[in-house]
Every structure is written in structure tokens, then in C-alpha cells.
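Visitor: The structure follows.
The numbers here are math on the coordinates, done by the rules we state, and not lab data. Predicted model, so just to flag it, every value in this text is computed and none were measured. Counting neighbours? That spans all protein chains shown, and the Cβs are built from the backbone with ideal geometry, glycine included.
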Amino acid sequence: MIEESFEAKGKRKRLIEELRGKGINDEVVLKAMGQVPRHLFMDDAFLRHAYQDKAFPISAGQTISQPYTVAVQTMLLNVGKRDKVLEIGTGSGYQAAILAEMGVKVYTIERQRELYRKAQVMLNSLGYRIHFFLGDGYEGQPQYGPYDAIIITAATAEVPDKLLRQLRVGGRLVVPRGDRDSQVMTLYLRRAEEDWEITPHGHFVFVPMLKGIANGNDRD
């Protein structure tokens, strides 16, 4: 792992206590977030704010999620060591790092080439063994399924049926469902082959989930 300063470790410890104060009570999730150096996933302009509980811009017009949001989604996944998780939207790679720190087998898809490459370099440098794919999140990665859980880190009005079908019976899919301005964090629990229990878990704001692979001229 990369060496880091006592200052960064201290700020991260304070962030974890802040998350506890906001109701995050899963100690496995908190421990993982306490180990991952969030500042390494952020653009230089925002480094001094890395351990504030806020979202910040990253490359390709995307964002690194607020730590509270990451914690909520990760808690809802309810995964353990060696579980197989598909992530739709690698972004900075921070969420994938949290899952990998928990011992999860992570399969992550990113449509932006720039983010796909940067996340690979960063996560590999931190020693995380993650399966990366440049591709369309709407298609998923069926050849590696079924998955114990699927996490979507962008907003969509409707969850693609292809993704729901890649979830094992008993598995969970977590997605911010809604339009650009308002989404509800939604949990899909696959009770049986054709039976999904759907529950809401609060309002959040994410960038929209888009189809296809972005090219150099995209301005999402």
C-alpha cells in the first residue's frame, strides 16, 4: 500500500466518526472506509477537502460520491468476503476500493476511457485485485454472473432487465432510481426467479447513467 501522512489518517478517522454520527452503523463498512485513502482518488484541486463528507468533481464530467452515500450503498449491498459484486460505473475507483477492502470480488464497468484507465492504475497501485471492463453498464457482464450483488453508481429511471437477470436469487441490487434532479436509493432483493422485493432508502443525487462507451468527443 502507498505510504500516507499522519494528517491524512487523522482526517479519515474524524470522517469515520462523522459517518457514525449520521447513522452509519456497519462496522465492516466503516473499517473499510477507514483504510482507503480517499485523497488519492481526487483531483489535485480538491485534495485538502478529501475528508469532508461531500461529493467532488473528477475527470470526464463525473463525481466522486459523498462518503455518506458510499457508506449507505455499501451497507445496503450487505456483502461479505468472497462475494461476487458487479459495479456499474467505476468512476474514480473509490467505491470499488471500499468493496475490495472488504474482501469482495469486484467486477467493475466504466464507459469513460479516461476514468477506466486512471482507476486501473490507482487501484492496482494500492494492491487491490479487481476485474476492470470498458463497456456499457446497461449490458453488465453476464459471462461472470450470477452476482451476489450489483451496485449502480449513476441514476436511472428504470433498472435494465439485463442487470436484474444477472443477479442470483437471494442477491441484492442497489441503485439511485429517478431523474437527474432527484433520485431515491432503491434496493432490489431477488426473492425468486421472477420475484423482486423493492424498497426505498432515502433521497440522493447522482449523475445520470448513460448507454454505450464514451468517445473522445462525448460531453456527458
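Visitor: With each run of n ≥ 4 DSSP H residues scored as -39500 (n - 2.57), what mean residue ellipticity at 222 nm is computed for the chain after dividing by its residue count and rounding to the nearest 500 deg cm²/dmol?
Guide: Numbers: 6 runs with 61 residues, N = 220.
Roughly -8000 deg cm²/dmol at 222 nm, from the helical runs in the chain.
Visitor: Mind checking which aspartates and glutamates have their Cα closer than 16 Å to the Cα of K22? Skip sequence neighbours fewer than 8 apart in that chain.
Guide: In chain and number order, the partners are D53.
Visitor: Can you sort T63, T199, T90 so the residue with the fewest Cβ neighbours within 10 Å comes first? Don't skip to the answer; put the middle values down first.
Guide: On the way: T63 18, T199 11, T90 28.
Taking fewest neighbouring Cβ atoms as first place, the list is T199, T63, T90.
Visitor: Next question. Test of the criteria: in the stretch 128-220, which GluC sites (Glu not before Pro) are in a DSSP loop and have at most 13 other Cβ atoms within 10 angstrom of their Cβ? Numbers along the way, then the final one.
Guide: On the way: sites: E139, E158, E193, E194, E197; in loops: E139, E158, E193, E194.
Here the sparse-neighbourhood loop sites are E158, E193, E194.
Visitor: Convert each backbone phi in the stretch 35-52 into a coupling constant with the Karplus relation 6.51 cos²θ - 1.76 cosθ + 1.60 (shift: θ = phi - 60°), then list the ³J(HN,Hα) values in order as whole Hz, x for Gly and Pro.
Guide: Working through the residues one at a time gives 9, 8, x, 4, 4, 6, 9, 10, 5, 4, 5, 10, 4, 5, 9, 4, 10, 7 Hz.
Visitor: Let me ask something else. Against the globular-protein guess of 2.2 N^0.38 Å, express the Cα radius of gyration of the chain as a ratio, rounded to two decimals.
Guide: It is 0.95.
Visitor: Filter the trypsin sites (Lys or Arg not before Pro) in the stretch 128-220 down to the DSSP loop ones having no more than 14 other Cβ atoms within 10 Å, then list what survives.
Guide: Details: sites: R129, K162, R165, R168, R172, R177, R180, R190, R191, K211, R219; in loops: R129, R165, R180, K211, R219.
Listed in order of number, the matching sites are R129, R165, R180, K211, R219.
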